[in-house]
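Please treat every number below as a calculation from the coordinates, not as lab data. Bear in mind that the values here come from a model prediction, so they are computed numbers and not experimental data.
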C-alpha cells in the first residue's frame, strides 16, 4: 500500500470514497463542504493499492487549534474495505508524517461523529466534548484529543 500526498487528479476518487460512506458516516449535506475542501486541502493524503485509492485523510494546523496541536481531517476508507486495517494504516502514516515534518506537534485533535468515536478511542483518543445533532439530525459531533 502506498501513502502519498493528494493531487488534484485524486479528486474524483476521493469524492467516490465520500459517497461510499454516505450514509451513515457522512451526511449528504457535507459533500459540498468536502468538495470545497479538496480545492485547497492542507496536508492531505491518499492510500493506494493495486485497485486504486482506498483511503484518504488529512491534517490541519493552526486556525483555532491550541499551540502544538494538529487536527485530523476528512479521513475515510472505501466502504467495502472497512475492517481490514486500512484506517489504522492511514492514521499511523499521518502521525509519522507529523513526527517528521512537524516535530513541534504534541497533541492531536479530531472532530468526528458518534459512529467513529469507538474507533478513535481504540487508538488512544479521549472525548472532550459531545454535541447532540452537531453535524446533522441524528449525527452527533464528538471532539477528541490524544497525545502524539
Specify the residue with the greatest mean-square fluctuation among 19, 27, 50, computed from a Gaussian network of the chain linking alpha-carbon atoms under 10 Å apart. 50
For the stretch 31-109, take the convex hull of the Cα atoms, compute a quarter of its surface area, and give me that in nm², please. 5.9 nm²
In whole Å and largest first, what semi-axes does the C-alpha gyration tensor of the stretch 1-58 yield when each eigenvalue is scaled by 5 and square-rooted? 19, 14, 9
Which distance in Å, rounded to a whole number, links the C-alpha centroids of the stretch 101-134 and the stretch 20-56? 18 Å
Ranked by GNM mean-square fluctuation in the chain (Cα springs under 10 Å), the top entry among 53, 131, 86 is 131
Viscosity 0.692 mPa s, 37 °C: Kirkwood-radius Stokes-Einstein D of the stretch 86-147 over Cα pairs, µm²/s: 264 µm²/s
Please check: in the Gaussian network model of the chain (C-alpha springs, under 10 Å), which one of 97, 60, 74 has the largest mean-square fluctuation. 97
Report, to one decimal in Å, the Kirkwood hydrodynamic radius for the chain based on all distinct Cα pairs. 15.6 Å
